[in-house]
Amino acid sequence: MLRSLLYVSTCFLAGAAMAQYADVRVGLFHDSPTRQVMVMGDRGPLDVWVDGKQAAQLASSDGLVIKCTENGIHAKSLAFDLTAKKSLIFRSPAGMGFRLRNMAPKSPERLYPGSLELGRSGGNLLLVATVPLEEYVGGVVQAEAGKEQWMEYYKLQAVSCRTYALANKRRHAGEGFEVCDGTHCQVFLGRNRVDSIRQAVALTRDLVVVDPDIRLIHATFHSNCGGETMNADEVWSKSEPYLVSTVDTFCLHEPHAVWEKSVSRTKWLNYLHKEYGVDTDDSNVVASVTNYSPECRDLFLANISPPVPLVQLRKDFKLRSAYFSIKPEGDMVVLHGRGFGHGVGLCQEGAMHMARHGYTYTQILHHYFANVHLVKLQNLDFFRDKGD
Ligand SMILES: [Zn+2]
Ligand SMILES: [Zn+2]
């Protein structure tokens, strides 16, 4: 069914769908709530709207210092002194965006595309940027992937970030925006300034990743899988058709491929006995839980009874991964681990290795996510309607 649908011309464009996907409303300074900011135009003036009415134009050389007061929002610059009861909106008539500096607490100036709306939330300012989707994607890729990556890795990040933004439009619905700018959603520190990222975003324009039911995927990732990724239901007790275990040799020699941690033998055995009722008086059981080498990823420690989930051991002993072997060493046990992170979905170091060795971003995507498809977001509704 899907295959036949994918042959349909991608020129189909639903007007309503386009409007729905055009902009992203991002809550700014989510991780450090602010009481005072300075707003300036980015290479041009800004139109200023006070409580829904156009009130002034801020020259590009002028900066407005804005803070919460008891009964509203106060904005002051060289040329203006404005008070809003509910909201201030800034729009660049030339579509150039704005510059923003957090003054309490202080942070460096950032350049943002789109427009800015300020309101109040408790005693703090509520800042919401309305940013064109593709510019948002560029900013997130720069913040999340850094400056020195391969083009195919940037393209992979671009389709993942775009998919995330559209799949999570209701994540902050009660707060007046769609996604926040912190690690809770995707880090967004303003306009992208890296040419190769701009190119990667343009080359993947409008493309998103969907599962066989045309649902936007949750493109979850981790640092290094250690050689084998995990099924989603083994970590989060919810399965997804695209988050299934796969063997991965691309990350085996990358920076977070292995780790080691020593734990006192007494602490280890006491924990297993206390938390899981493991019989630590039985020498065979003790041998199994202190000398253990799985050939591939296990779900439970040494397959003893009662079962001890490795995912829980990872949490309780703050281990880098749930994929490790154990060797006794005097009064210690030494855990020799592989990988870093939960192991579900995309292995970042494996993906970077693949990009460096000439794989395309679609090959990388299909290596880590099973049964997924890339579609133009304008066609999502079309495929969904046909699938009903
Ligand atoms: Zn968030
Ligand atoms: Zn891997």
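The values are calculated or read from the model by the stated rules, or taken from the named source; none is laboratory data. Bear in mind the structure is a predicted one, so any value in this text is a computation, not a measurement. Don't worry about glycine lacking a Cβ; one is built from the backbone with ideal geometry, like all the others, and counts go over all protein chains shown. What goes into the accessible areas is simple: the full protein's heavy atoms, side chains included, and nothing from ligands, DNA or RNA. Shrake-Rupley method; radii C 1.70, N 1.55, O 1.52, S 1.80 Å.
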task: Would you kindly derive the ³J(HN,Hα) couplings of the stretch 143-148 from the backbone phi angles with the Karplus curve 6.51 cos²θ - 1.76 cosθ + 1.60 (θ = phi - 60°), listing them in order in whole Hz, with x for Gly and Pro?
output: 5, 8, 9, x, 8, 10
- prompt: What list of ³J(HN,Hα) values in whole Hz, one per residue of the stretch 100-116 in order, does the Karplus curve 6.51 cos²θ - 1.76 cosθ + 1.60 (θ = phi - 60°) give from phi, with Gly and Pro shown as x?
  reply: 9, 10, 7, 9, 8, x, 6, 8, x, 5, 10, 9, 10, x, x, 10, 10
task: Pick out, from GLN199, ALA56, ASN102, the residue whose Cα sits farthest towards the positive end of the charge dipole of the chain, with +1 on the Cβ of Lys and Arg and -1 on the Cβ of Asp and Glu.
output: ALA56
Rounded accessible area of MET103 (nearest 10 Å², 1.4 Å probe): 60 Å²
task: Between LYS53 and ARG205, take the C-beta separation as r, use R0 = 45 Å, and let me know the FRET efficiency to the nearest 0.05.
output: 0.80
task: Report, to the nearest 10°, how far helix 265-276 tilts away from the longest principal axis of the Cα atoms in the chain, using its own Cα long axis and a range of 0 to 90°.
output: 80 degrees
- prompt: HN-Hα J couplings of the stretch 188-194 from phi, Karplus 6.51/-1.76/1.60, θ = phi - 60°, integer Hz, Gly and Pro as x?
  reply: 9, 10, x, 4, 5, 10, 9
- request: Could you state the angle between the C-alpha long axis of helix 151-167 and the longest principal axis of the C-alpha atoms of the chain, as a value from 0 to 90 degrees rounded to the nearest 10?
  value: 80 degrees
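Would you work out the charge dipole size for the stretch 271-388 about its Cα centre, treating the Cβ of every Lys and Arg as +1 and the Cβ of every Asp and Glu as -1, and quote it to the nearest 20 debye?
The calculated dipole for the stretch 271-388 is roughly 620 debye.
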query: Where does the stretch 36-122 land on Rg(C-alpha)/(2.2 N^0.38 Å)?
result: 0.98
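By accessible area of protein heavy atoms, probe 1.4 Å, what ranking do VAL258, VAL235 get, highest first?
VAL258, VAL235
For the chain, report the accessible area per residue in Å² (1.4 Å probe, heavy atoms, rounded to an integer).
48 Å²
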query: Which of LYS85/LYS106; LYS86/LYS155; LYS53/LYS155 have a Cα-Cα distance over 31 Å?
result: LYS86/LYS155; LYS53/LYS155
- line: Long-range amide H partners of THR34, meaning residues 5 or more apart or on another chain whose placed amide H is closer than 5 Å, are LEU125
- prompt: What residues qualify as long-range amide H neighbours of SER107, i.e. H under 5 Å apart, gap of 5 or more or another chain, H built at 1.01 Å from N?
  reply: ASN102
message: Tell me the Kirkwood radius of the stretch 101-185: reciprocal of the mean inverse pair distance over distinct alpha-carbon atoms, in Å.
response: 14.4 Å
query: the stretch 258-338: D in µm²/s via Stokes-Einstein (Kirkwood Rh, Cα pairs, 4 °C, 1.567 mPa s)?
result: 104 µm²/s
- prompt: Which lysines have a Cα lying under 28 Å from the Cα of LYS318, excluding residues fewer than 8 positions away in the same chain?
  reply: LYS238, LYS261, LYS267, LYS274, LYS327
statement: When the charge dipole of the chain is computed with +1 on Lys and Arg Cβ and -1 on Asp and Glu Cβ about the Cα centre, the Cα farthest towards its positive end, among GLN348, LEU133, VAL308, belongs to LEU133
Size of charge dipole - the chain - debye, nearest 20, with Cβ of Lys, Arg +1 and Asp, Glu -1, no other charges: 1200 debye
query: Given +1 on the Cβ of Lys and Arg, -1 on the Cβ of Asp and Glu, and no further charges, what dipole in debye does the stretch 258-338 carry about its Cα centre, rounded to the nearest 20?
result: 460 debye
- prompt: Ordering PHE324, PHE250 from largest to smallest accessible area (1.4 angstrom probe), what's the sequence?
  reply: PHE250, PHE324
- request: State which stretch of the chain is the longest one without any exposed GluC sites (Glu not before Pro), exposure meaning a DSSP loop state and at most 15 other Cβ atoms within 10 Å.
  value: 149-294
task: Quick one: compute the contact order of the chain, relative version, from alpha carbon pairs under 8 angstrom and 6+ residues apart, as a percent.
output: 16 percent
field: Largest-first principal axis extents of the Cα set of the chain (Å)
entry: 82, 54, 38
